[in-house]
Amino acid sequence: MRLDSLSTKAFTARQLVECGMLAPTRPDRLARTVLALKDWGPTFAGGYAVAAIRYPDVTALIDELGELTFAAVHRRTNALAHAWSEAGIGAGDTVAILARNHRGFVEAVVACSKLGADALLMNTAFSGPQVSEVCERERACAIVHDDEFADVAADAATGRRQFVAWTAPDARAVPGVPTLEALIDAGDPAEVVAPAAKGAIVILTSGTTGTPKGAYRKEPRTLDPAAALLSKIPLRARERTLIAAPLFHSWGLAHLALGLGLSATIVLLRRFDPERTLHAIDEHGANALIVAPVMLQRILQQGPRVVRKHDTGSLRVIAASGSALPGELATQVQDAFGDVLYNLYGSTEVAWATIATPADLRASPGTAGRPPRGTVVRLYDATGKEVGPGETGRIFVGNELAFDGYTDGGGKAVIDGLVSSGDVGHFDDDGRLHVDGREDEMIVSGGENVFPREVEDAIALLDGVAEVAAIGVADADFGQRLRAFVVRRDGASVSEREVKQHVKATLARFKVPRDVVFVDELPRTATGKVLKRELAER
């Protein structure tokens, strides 16, 4: 084994011991744990098998239906896997999952893992035609959906096996369609034989500029990526993590996997609500909160009185990702909750690229941070030449979790074995990455290059502005011009003239938006990314 490999394994072991993932256990449980890991590896199936051996009576999951222990989740997913197997679902098949954050989503993903089937994670904001298109394109043999999505999933379910995931007491039954709960109740909870080939997770891109694509990602081969992330974001074993970010998104799913590895208790709410989230932190003593930046914005908009009404002192980590984190928002969050905010920059295709710690965000609030161990980030110009500090370039990333290509056979640009994130950015003198914007969003106005992200960040600092998005539109004289869409804070009266004067005083003259449009809200994906294609149609 090479010295760098030995060093990585030593680093991984040290991090896993420090976070409590590797801890002393009874000899009999240790032997069973080793056998389970040999069969399943670091997969969702292996995670629950191991946790059920080591901590059978510890609470694994809390949702609106109550609590489940690790042993209970393991038995229930065994039963579901056996029931699905009897229904003809097996290794190599694809199961589409259209569900919110609750036990049904988790158990469907774990059952797929136990069968060696691929789990296709569907965005809960999809329309019926989108669900049908994706199921057809990805060759899904079955669809699992919450009761509320029965109409949306109706066409996609034609000719496919269909199951209802959410079984709340007030749920409306879908005639003739079995629920996961019914399958679990009737299924065999005995151990499942591990498949010869591991299943995969198919995550759909956000689709902010077009039709979502399926990104094929195998479950990790080693614990090295988990150790790298834990060296930057100090999650600890057997603590409580509230995942507010959607589980169908790679950010929410990553923390489900990390929480499982840490034998942590995962707290889930089906729908994000700012005050309910604060209440859940208080009620369950959550140590970590996993969010998209827009969720933090919504929480702070409740006002200091509402925030202080709930005890959030248990929080050691607020981890944000999924969309850009404005620098002003980072400062406001840390002022409200303490220096516990971590910002991860990445994408569906590259997993993560950099992580900003609380210290990074205090020193440079708009930064995306630095790459964790095992991740390489380089910036290249249009000719493929690497650029230096302070120079803007296309962001390319390499790590163990980078995707294996799109399910339609396509891929992203690759240079020196590194995959494009689709963004451009620059490194500052301290080695921190700053994301300037999407590569395809740069506009050329009067011969000058303008990235909307920089203008958005400037406008966001103006008193009275709640949210802002900027796009390029056609211009007869300049080729393109910048148009800003601004959401005012409640009661604010900020004007177009004030917005333009503020940008002019902050940035170069050619970066001042020619148009300022005031709107009630910005169209967003479920993970908080602004749907700029919808703004372009206005």
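Couple of notes before you dig in:
- Pair list, Cβ < 8 Å and 6+ apart or interchain, from the stretch 517-534 residues that are crowded, with 18+ Cβ neighbours inside 10 Å to residues that are assigned to a helix (DSSP H, G or I): L522/L535; R524/V294; T527/W251; G528/P293; G528/V294; G528/M295; K532/E441
- Check on F44, in contact with a Pro (Cβ under 9 Å, 6 or more places away or on another chain) and within 30 Å of K9 (Cβ to Cβ): no
- Residues located in the stretch 439-451, provided they are closer than 16 Å to G425 by Cβ and in contact (Cβ under 8 Å) with a residue 60 or more places away in the chain: D440, E441, V450
- Output for the stretch 65-79, where each listed residue is at pLDDT 95 or above, surrounded by fewer than 24 Cβ atoms within 10 Å (Cβ to Cβ) and not in a strand (DSSP E or B): A71, A72, V73, R75, A79
- Residues being more than 18 Å from the chain's Cα centre (by Cα) and among the β-branched types (V, I, T) - total across the stretch 248-291: 2
- The stretch 425-438, residues that are closer than 18 Å to K385 by Cβ and free of Cβ contacts under 8 Å to residues at least 40 places away in the same chain: none
- Check on F149, of a type in the set (F, W, Y), closer than 30 Å to L531 by Cβ and more than 20 Å from the chain's Cα centre (by Cα): yes
- Condition check for V192: in a loop (DSSP other than H, G, I, E, B), buried (at least 16 other Cβ atoms within 10 Å of the Cβ) and out of contact with any Pro (no Cβ under 9 Å at 6 or more places or on another chain): yes
- Options R271, R370, R316; residue that is charged (D, E, K, R) and farther than 29 Å from V109 by Cα: R370
- The set of residues in the stretch 140-170 that are within 20 Å of E86 (Cα to Cα), surrounded by 18 or more Cβ atoms within 10 Å (Cβ to Cβ) and of a type outside the set (K, R) comprises A140, C141, A142, I143, V144, H145, A157, Q162, F163, V164, A165.
- Condition met for P56 (assigned to a loop (DSSP other than H, G, I, E, B), more than 17 Å from A264 (Cβ to Cβ) and out of contact with any Asp or Glu (no Cβ under 6 Å at 6 or more places or on another chain)): no
- So G327, is it farther than 24 Å from R236 by Cβ and at pLDDT below 95: yes
- Qualifying helices (runs of 4 or more DSSP H) (wholly inside the stretch 426-538; at least 2 residues being modelled with pLDDT of 90 or more and farther than 26 Å from H249 by Cβ): 452-460, 496-506
- Pairs, first free of Cβ contacts under 8 Å to residues at least 60 places away in the same chain in the stretch 325-345, second acidic (D, E), C-beta under 9 Å, six or more apart: N343/D360
- Condition met for L61 (in contact (Cβ under 8 Å) with a residue 60 or more places away in the chain and either on the phi > 0 side of the Ramachandran plot or of a type in the set (A, V, I, L, M) (or both)): yes
- Hits in the stretch 86-143 - residues which are under 27 Å from V291 (Cβ atoms), touching a Leu at 6+ places or on another chain (Cβ under 7 Å) and part of a strand (DSSP E or B): A96, I97, L121
- Residue match in the stretch 356-363 (condition: surrounded by fewer than 20 Cβ atoms within 10 Å (Cβ to Cβ), acidic (D, E) and either outside the structural domain of V134 (by TED's automatic domain parsing) or assigned to a helix (DSSP H, G or I) (or both)): no
- Scanning the stretch 62-76 for residues that are in contact with a helix residue (DSSP H, G or I) (Cβ under 6 Å, 6 or more places away or on another chain) and within 11 Å of R103 (Cα to Cα) yields D63, V73, R76.
- Cβ separations smaller than 8 Å between residues 6+ apart or across chains give the following pairs from the stretch 500-515 residues that are touching a residue at least 24 places away in the same chain (Cβ under 8 Å) to residues that are part of a helix (DSSP H, G or I) and surrounded by fewer than 16 Cβ atoms within 10 Å (Cβ to Cβ): V512/K504.
The values are calculated or read from the model by the stated rules, or taken from the named source; none is laboratory data. Just so you know, these numbers come straight off a predicted model, no measurement behind them. Don't worry about glycine lacking a Cβ; one is built from the backbone with ideal geometry, like all the others, and counts go over all protein chains shown.
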